[in-house]
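Peer 1: Sharing a structure here in structure tokens format.
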Amino acid sequence: MAETDRRVALITGCGKENGIGAATAQKLARDGFIVAVSDVAAAGVDNDNTVEKAPSSWQGLDSLVARIEEAGGSATSFTGDVSTEDGAAHLVNSAIEKYGRLDALVNNAGAPHGQDRGQIETVPLDAWENVMAINVRGPFLMSRAAVPHMKSRGYGRIVSLASVAGLEALPERAAYCASKAAVIGFTRSLAYDMARHGVTVNCVCPGSIRTDRAISSTMKAGYTDVEAGLAERAKPIPVGRHGKPEEIAAAIAYLASEDAAFTTGQAIVVDGGGLPPSAF
Ligand SMILES: NC(=O)c1ccc[n+]([C@@H]2O[C@H](COP(=O)([O-])OP(=O)(O)OC[C@H]3O[C@@H](n4cnc5c(N)ncnc54)[C@H](O)[C@@H]3O)[C@@H](O)[C@H]2O)c1
């Protein structure tokens, strides 16, 4: 297939309507990218929570592609598991085979939280391994698959989702905090290696963003009224509310743009002015 003359972005973890992945895909499409949206399952994997989902017409990746195309953008979808060599290679190679190029990779997929949360003696080894496999091995495998192509073209943007949890202590989140600190270290080192190849490598560190993840955390904190719980937990955030997925997408879009050529190896915090652990 001949190379398209438009920039192409591949984004992982896009299956949920209210997720950072779907918001990023829509933002990059508005910015002129052809977007390849992906997830391990078409409608994403649920976090551990007890919230009944309201009936919705959302069909995961198919709905996201339709929404982008209705808005005048171009999109396609792939499914694959970022934590496996085959899954990561499949996602990257599918995008390159379809469009002949890959300009930006957004490592957004995140392990659903469940038994990884708690006092350390209660955390099963496989819960730790699962968080590390998706949050750390995933960006490694995806980047490893994309880098030869980006190097050969002398251009690329890699943006990974870390978290303020990679910079600060959050209670009962040892696995998650360790995984996001690893993403920051990985980003800084890879940025160094890629700097002379026209490939920038950065990560974004969101505070608490209103996605399935924040709703699940609120339920886990014991609130039965989700809206009241979210409002209560947002009070200590300096701006007084949770972030919106679109506000993270905006930071990702800057880092994925040609304008960001001199920004590499950075961990950009977007957290509403500070993250009190009780809000997360
Ligand atoms: N929401 C927040 O408050 C917040 C804060 C800081 C960092 N983050 C990070 O931002 C990213 C997106 O967060 P979100 O709140 O939209 O998460 P989310 O839980 O709503 O979505 C994560 C997506 O990753 C997908 N996924 C899980 N395992 C996968 C795998 N093996 N392969 C491919 N995809 C897989 C899920 O299916 C899901 O669609 C995550 O990396 C998360 O850790 C989120």
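Throughout, read-outs are computed from the coordinates displayed, never taken from laboratory work. None of the values given here were measured: they were computed from a predicted structure. As a convention, Cβ positions derive from the backbone with ideal geometry for all residues, glycine included, and neighbour counts pool all protein chains shown.
Peer 1: So what is the 222 nm mean residue ellipticity for the chain from helices alone, if each DSSP H run of at least 4 adds -39500 (n - 2.57) and you divide by all residues, rounding to the nearest 500 deg cm²/dmol?
Peer 2: -12500 deg cm²/dmol
Peer 1: Along its three principal axes, how long is the chain when you only count alpha carbons? Whole Å, largest extent first please.
Peer 2: 54, 41, 36
Peer 1: Let me ask another. Provide the gained length on full extension for the span R153 to D31, in nm with one decimal, where the gain is 0.36 nm per separating residue minus the Cα-Cα distance.
Peer 2: Extra length from R153 to D31 when fully extended: 41.8 nm.
Peer 1: If I stretch the segment between V226 and L167 completely, what's the gain in nm (0.36 nm per residue apart, minus their alpha carbon distance), one decimal?
Peer 2: 18.5 nm
Peer 1: If a/c stays under 1.5 just call it rounded; otherwise compare a/b with b/c (prolate if a/b is bigger, oblate if not). Do that for the stretch 1-120, with a ≥ b ≥ c from the square roots of the Cα gyration tensor eigenvalues.
Peer 2: In terms of gyration-tensor shape, oblate.
Peer 1: Treating only the Cβ of Lys, Arg, Asp and Glu as charged (+1, +1, -1, -1), what charge dipole size does the stretch 8-279 show about its Cα centre? Round to the nearest 20 debye.
Peer 2: With only Lys, Arg, Asp and Glu charged at Cβ, the dipole is about 680 debye.
Peer 1: Return a single number: how many Lys pairs in the chain, at a sequence separation of 8 or more or on separate chains, have alpha-carbon atoms below 24 angstrom apart.
Peer 2: 17
Peer 1: Moving on. For F262, F140, what ranking results if the residue with the fewest other Cβ atoms within 10 Å of its Cβ goes first?
Peer 2: Arranged by neighbour count, lowest to highest, F262, F140 become F262, F140.
Peer 1: Name the residue, out of K27, K16, K151, whose mean-square fluctuation peaks in a Gaussian network model built on the chain with Cα pairs under 10 Å.
Peer 2: Among K27, K16, K151, the largest GNM mean-square fluctuation belongs to K151.
Peer 1: Considering only G222, G100, G32, give the residue with the highest GNM mean-square fluctuation for the chain, with springs between Cα atoms whenever their separation is below 10 Å.
Peer 2: Most flexible of the set in this elastic network: G222.
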